[in-house]
1. Do you know which residues across segment 130-145 are in contact with a strand residue (DSSP E or B) (Cβ under 7 Å, 6 or more places away or on another chain) and over 13 Å from residue 115 (Cα atoms)?
2. Output the residues belonging to segment 131-142 that are assigned to a loop (DSSP other than H, G, I, E, B), out of contact with any helix residue (DSSP H, G or I) (no Cβ under 7 Å at 6 or more places or on another chain) and either modelled with pLDDT of 95 or more or surrounded by 14 or more Cβ atoms within 10 Å (Cβ to Cβ) (or both).
3. Are any residues in segment 195-219 in a loop (DSSP other than H, G, I, E, B), among the acidic types (Asp, Glu) and in contact with a Lys or Arg (Cβ under 8 Å, 6 or more places away or on another chain), and if so, which ones?
4. When both residues are 6+ apart or on different chains and their Cβ atoms are under 7 Å apart, which pairs have a first residue that lies in segment 220-247 and is within 25 Å of residue 93 (Cβ to Cβ), and a second that is among the basic types (Lys, Arg)?
5. Do we have residue 184 as farther than 21 Å from residue 233 by Cβ, modelled with pLDDT of 95 or more and surrounded by fewer than 18 Cβ atoms within 10 Å (Cβ to Cβ) here?
6. Give the residue, chosen from 216, 229, that is closer than 23 Å to residue 158 by Cβ and under 15 Å from the mean Cα position of the chain (by Cα).
7. Suppose we filter segment 151-170 for residues that are touching a residue at least 40 places away in the same chain (Cβ under 8 Å) and either assigned to a loop (DSSP other than H, G, I, E, B) or in contact with a Lys or Arg (Cβ under 8 Å, 6 or more places away or on another chain) (or both); how many remain?
8. Can you pull out every residue in segment 45-71 that is surrounded by 19 or more Cβ atoms within 10 Å (Cβ to Cβ) and β-branched (Val, Ile, Thr)?
Amino acid sequence: MIALPSQKPVFRFAPSPNGALHLGHALSALLNKQRAEATGGRLLLRMEDIDPARCTPELEQAILDDLVWLGISWETPVRRQSDHLPDYRTALDSLIARRLVYPAFLSRGEVKARVAAHEAAGKIWPRDPDGTPRYPGDDRMRSAGEQRDRIAGGEKHAFRLDMQAAMSIAGADLCWQETGDSQKGAILADPSAWGDVVLWRADAPSSYHLSVTVDDALQGVTHIVRGLDLFPSTAVHRLLQRLLHLPEPVYHHHRLILGADGRKLSKSQGDTALASLRQQGMSSADIRRLVGV
C-alpha cells in the first residue's frame, strides 16, 4: 500500500479545486518549487477534490492554468483524491477493526444546539484549535451492538477517531520535525486538543485529516511545505501516521499572506485571485515579488 522511499526529496502542492488560487497559494506553490529545485527533488501536484459539491473540473483547469503561468511544472499524472477513495476506506477500516474509530450519529444541528444550551447556562464548551466545538462523547460510549443496529437501520453517521484510545497507543513521545517560519526542531504533538476528529463524513467521503495523511504516504512525500494555518493540524496527521504505521515526513509551515483586514486570504476574496491579478496586467514576476519569493 505504501510507496517505497525515494532517494530524492519529494514535495507536493495540494490545492482544492473549489475556488481560485490566491496569493497565499502562490507563495506555497513557489516555495515547494524552490525547495524541490534546491534539493534536486521532485514536485508532485495533487487535487484534493473529495467534496463533489464544491470541486469542479473548471476550477481544476483554472488552477492548472495559474500554475503554468507562475512557471511551475510538476510530475504527471496529477493525483486526484476522488479517484482514490478505496485507499482512504482501507485505512479507515483498519482503524475500525482496532476499535480506534466509532460511528457518530449526532448531526451538526444537534451538536450546535447542545453547545448553545451549555454555554447559555454559563458553562464553557471545549473547542479545538480552529475554534470549533469539540464533538460530545455520547456516541463513543455506545455499545458495539447498538452501533451496529443503528447503522443497519440506515441511520446517517460519520466516523470519528476515539482520541483517548488513539493517544493511549501513540504514546507521549509523539512529535514532528519542523523547519518552518515560526518554530524549528522537534515539536511535541498534542492531537488531543482536537478532540474526536471526524475521519469519514456522512455527506462526503473521507475527511481532510485522513485523506491527506494517506496520500502523502502513498505518494512517498518526504517534505511537506504548507501554510502556518495548518500547523496545529500536524498533530493529528502525526497521530494517524503512527496509528497506520506510515512514514514521517519533515514539515515546513511557512508564513501566511494576510489581507488588508489582517486575516489570512480566502478563496472568496476575488481581488487576490491570481487570475484577477493577471487580468489587471501583472506578470508572474510581479506575483513573486508580492509574495517575497
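The values are calculated or read from the model by the stated rules, or taken from the named source; none is laboratory data. Computed from a prediction, not measured in an experiment: that's the story for all the values here. We place every Cβ from the backbone using ideal geometry, glycine too, and count neighbours over all the protein chains shown.
1. Hits for segment 130-145 are 139, 140.
2. Result: 131, 132, 134, 142.
3. We begin by selecting, within segment 195-219, every residue in a loop (DSSP other than H, G, I, E, B); these are 195-197, 201-207, 219.
This time we only want the ones that are among the acidic types (Asp, Glu), so: 196, 203.
Residue satisfying the conditions is 196 alone.
4. 221/12
5. No.
6. Matching residue, one of 216, 229: 216.
7. 9
8. Passing the criteria: 50, 63.
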